[in-house]
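Here the structure is laid out as structure tokens; the discussion comes afterwards.
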Amino acid sequence: MKQIGVFFAEGFEEIEGLTVVDILRRAGVEAVTISITGQKEVQGSHKIGVLADRLYEEVDVSRLDGVVLPGGMPGTVNLGNHAGVLQALKSFAEEGKLVAAICAAPSVLGQAGLLQGKKAACYPGFEDKLTGAEVVYEEVAEDGNVITSRGMGTAIAFGLKLTAYLTSEQKAKELAEAIIYRQ
């Protein structure tokens, strides 16, 4: 079973983080929520407390098959300031493992130098932070092992794209039908 780490920073966008976890788990992917705050309870950008599965310090990140960064503020800034997150992103990109981000969080991929020559989507106003990317305005952009999305309103589409990438197009289609998702 594939194991994906979803990094939760203080101030992450709750819908973006939890929707992805929910969809991936429904698809049979082991989506592990990982707090980078040093505490299991992480406060989202809308003051919703969420209990992460693991602390960053408890996880051998190198064993994951991919990572997902939810957006939100100041969550995105906090992700970009975490040396372990940046190192994991760079290692995963080099190894061809999944690197995914939504909303403002694709800016962290830009900061890490991972978008050079890649198509990428983000929340409006963050385009200049996608250093080296070909900015696209699709709900979800997939370019090799990098998947990005625009924001809270595209979280289900993002989760389904991750499902297709990690399992199969058929599994994503079946899941979309099961949750009554209209494209």
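Here, each number is a calculation from the coordinates, and none is a lab measurement. Keep in mind the model is a prediction, meaning the values are calculated, not measured. Every residue, glycine among them, receives a Cβ derived from its backbone with ideal geometry; neighbour counts consider all protein chains shown.
Output ³J(HN,Hα) for region 82-92: one whole-Hz value per residue in order, computed from phi by the Karplus curve 6.51 cos²θ - 1.76 cosθ + 1.60 with θ = phi - 60°, and x for Gly and Pro.
3J(HN,Hα) across region 82-92, in whole Hz: 9, 4, x, 5, 4, 5, 4, 4, 5, 5, 5.
Determine the gain in length on full extension of the stretch L51-E169; use 0.36 nm per residue of separation and subtract their C-alpha separation, reporting nm with one decimal.
So the chain would gain 39.4 nm between L51 and E169.
I'd like the trypsin sites (Lys or Arg not before Pro) in region 28-70 restricted to DSSP loop residues with at most 11 other Cβ atoms within 10 Å, sorted by number.
K47
How long is the gain from E138 to A178 if the chain were fully straight, where each residue apart is worth 0.36 nm and the alpha carbon distance is subtracted?
Computed gain between E138 and A178 is 12.0 nm.
Return I48, I180 ranked ascending by Cβ neighbour count within 10 Å, so the fewest neighbours appear first.
I180, I48
(i) 30, 26, 15; (ii) 34, 19, 11; (iii) 21, 19, 16: which one is semi-axes √(5λ) of the Cα gyration tensor in Å as calculated from this entry?
Matching entry in (i) 30, 26, 15; (ii) 34, 19, 11; (iii) 21, 19, 16: (iii).
Among the listed pairs K118/K161; K97/K129; K118/K173; K97/K161, which have their C-alpha atoms separated by more than 19 angstrom in this model?
Pairs exceeding the cut-off: K97/K129; K118/K173.
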